[in-house]
Amino acid sequence: CCFCLVQASDRFNINSQLEHLQAKYVGTGHADLSRFEWAVNIQRDSYASYIGHYPMLAYFAIAENESIGRERYNFMQKMLLPCGLPPEREDD
């Protein structure tokens with residue numbers, strides 16, 4: 001059936017595009033990414049976005065009654081270990 005072939009090729013095309021994005025951008029994840037690594041990527045992306053968007057940074061500064069510079073510094077410090085220390089790995 002011709003419809004099945006088109007559907008299979010579309011699926012292959014989407015998967016190849018996804019693999020290309022995952023190879024190009026670290027934060028998009030892949031099959032071997034642990035839950036902790038995924039959470040770290042999400043947190044770091046969020047902090048980078050807050051720092052890069054001045055109105056968002058100003059909002060957080062007002063909400064926490066801090067200066068914008070102090071809030072920017074706090075977010076950069078949180079980017080180092082956004083989810084705490086990584087869990088210990090089990091050696092197989």
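The values are calculated or read from the model by the stated rules, or taken from the named source; none is laboratory data. Keep in mind the model is a prediction, meaning the values are calculated, not measured. We place every Cβ from the backbone using ideal geometry, glycine too, and count neighbours over all the protein chains shown. Accessible surface areas use protein heavy atoms only, side chains included; no ligands, DNA or RNA. Shrake-Rupley method; radii C 1.70, N 1.55, O 1.52, S 1.80 Å.
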message = Quick check on packing: order 61-74, 38-51 by the mean number of other C-beta atoms within 10 Å, highest mean leading.
response = 38-51, 61-74
request  = Express in Å², to the nearest 10, the accessible area of L81 obtained by rolling a 1.4 Å probe over the protein heavy atoms while all chains stay in place.
outcome  = 100 Å²
request  = Sorted from largest down, give the three principal axis spans of the alpha carbons of the stretch 19-80, whole angstrom values.
outcome  = 42, 20, 15
inquiry  = With θ taken as phi - 60° and the coefficients 6.51, -1.76 and 1.60, list the Karplus ³J(HN,Hα) couplings across the stretch 65-81 in order, rounded to whole Hz; mark glycine and proline as x.
reply    = 6, 10, 6, 5, x, 5, 5, 4, 4, 4, 5, 5, 5, 5, 5, 5, 9
ask   = Given a 1.4 Å probe, how much area per residue of the stretch 34-84 is accessible, in Å²?
value = 69 Å²
ask   = With every protein chain present, what accessible area does H53 have (1.4 Å probe, heavy atoms only), rounded to the nearest 10 Å²?
value = 110 Å²
task = Describe numerically, in nm with one decimal, the distance between label points set 7 Å from Cα along Cα→Cβ at I62 and at N15.
result = 4.9 nm
